[in-house]
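A.B. asks: Let me give you the structure first, and then I'll get to my questions.
The values are calculated or read from the model by the stated rules, or taken from the named source; none is laboratory data. In this text, all values refer to a predicted model and were calculated from it rather than measured experimentally. So basically every Cβ, Gly included, is an ideal-geometry build from the backbone, and we count neighbours across all protein chains shown. Ligands, DNA and RNA are stripped out before the accessible areas are found, and what is left, the full protein with its side chains, is counted by its heavy atoms. Shrake-Rupley method; radii C 1.70, N 1.55, O 1.52, S 1.80 Å.
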Amino acid sequence: MSRRRGLLRGLQSAGPICLGYIPVAITFGAVATSFGYPFYVPLLFSAAIFAGGTQFILLAALHDATPWPYVVALCALIDSRHIVYGAFLRRIFPTRLTARLPLAMGLTDEVFATALTRRDAAPGRQLTAWLAGLAAAAYLSWVAGTALGAVLGTVLSHAAPALTQALDFALPGLFLALALDNLDRETAAPLLAAAVAALAAIWVGNIALALAAGVAAATAVAAWRRRAAAA
């Protein structure tokens, strides 16, 4: 009974996450099909990867024929933060590996932030069920939103071909919106460094290097600022 109660509470706790995931997932699915990919490609991306930012980067990289070494290195750098997430939540995760792996698959930024509210709870079956419900709801909402977006993108490509061209701007528009939403005194310098490095790579004619250069520059500046603040 405690497992069922924990699962239901986990599903309820995931409500705000699902509301935020569905519109972004719809955008991802629609953009993917507008790029000419069949319906199942964005669906497989979301089902197998389940990482919003990484999926958009992969989609853009594939669309621009970016070399795989750049793509792999960039995605590994971006998703390395999950190592820290796992360390924070290790105490409340189940001890069995077979139980940990599915929860690790569902450990996104938003799931991590929500799970932190239970980091002082006593480990047990009910807490594991709560984590499972939280991760499962987030995962299913992302996959369902992607499927809906892929269908809409496919329909629009046949019914209104001119309109689907506007979806090409959805990807850079989303990144710009996320960047501006996170713009403050702490993030201004890393974001500016990323923009300068990316524009420099584009100026010399290496678009494939722009993503990696931007991330590397932002990471270096952020690390330098933290060391300076701690000194």
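Residue-wise test of (1) under 21 Å from Q12 (Cβ atoms); (2) open to solvent by 20 Å² or more (accessible area, probe 1.4 Å); (3) in contact with a Ser or Thr (Cβ under 9 Å, 6 or more places away or on another chain); (4) not in a loop (DSSP other than H, G, I, E, B).
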| position | (1), (2), (3), (4) |
| --- | --- |
| A61 | no, no, no, yes |
| V72 | no, yes, no, yes |
| I78 | no, yes, yes, yes |
| I83 | no, yes, no, yes |
| R91 | no, yes, no, no |
| F112 | yes, yes, no, yes |
| A132 | yes, yes, no, yes |
| A135 | yes, no, yes, yes |
| L140 | yes, yes, no, yes |
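A.B. asks: Which ones in the range 35-51 are of a type in the set (G, A, S), open to solvent by less than 30 Å² (accessible area, probe 1.4 Å) and not in a loop (DSSP other than H, G, I, E, B)?
C.D. replies: Restricting attention to the range 35-51, the residues satisfying the condition of being of a type in the set (G, A, S) are 36, 46-48, 51.
This time we only want the ones that are open to solvent by less than 30 Å² (accessible area, probe 1.4 Å), so: 46, 51.
Across the range 35-51, the qualifying residue is only S46.
A.B. asks: Contact list please: Cβ distance under 9 Å, first residue in the range 78-106 and of a type in the set (D, E), second residue modelled with pLDDT of 85 or more and surrounded by 14 or more Cβ atoms within 10 Å (Cβ to Cβ), pairs at least six apart or on different chains.
C.D. replies: Close Cβ pairs satisfying both conditions: D79/A51.
A.B. asks: Let me ask something additional. Could you please let me know if A122 is outside any helix (DSSP H, G or I), loosely packed, with under 14 Cβ neighbours inside 10 Å and either at pLDDT below 85 or of a type in the set (A, V, I, L, M) (or both)?
C.D. replies: Yes: the conditions hold for A122.
A.B. asks: Being open to solvent by less than 40 Å² (accessible area, probe 1.4 Å) and either assigned to a helix (DSSP H, G or I) or at pLDDT 75 or above (or both) is the filter here; which residues of the range 142-166 pass it?
C.D. replies: Correct list: W142, V143, G145, T146, A147, G149, A150, G153, T164.
A.B. asks: Where residues in the range 10-24 are open to solvent by 40 Å² or more (accessible area, probe 1.4 Å) and among the β-branched types (V, I, T), which of them is farthest from G52 (Cα to Cα)?
C.D. replies: Ranking the qualifying residues of the range 10-24, first place goes to I22.
A.B. asks: Oh, and also: Within the range 96-110, can you find the residues that are open to solvent by less than 30 Å² (accessible area, probe 1.4 Å) and in a helix (DSSP H, G or I)? Steps first, answer last, please.
C.D. replies: Going residue by residue through the range 96-110, those that are open to solvent by less than 30 Å² (accessible area, probe 1.4 Å) are 99, 103, 106-108.
Those that are open to solvent by less than 30 Å² (accessible area, probe 1.4 Å) and in a helix (DSSP H, G or I): A99, L103.
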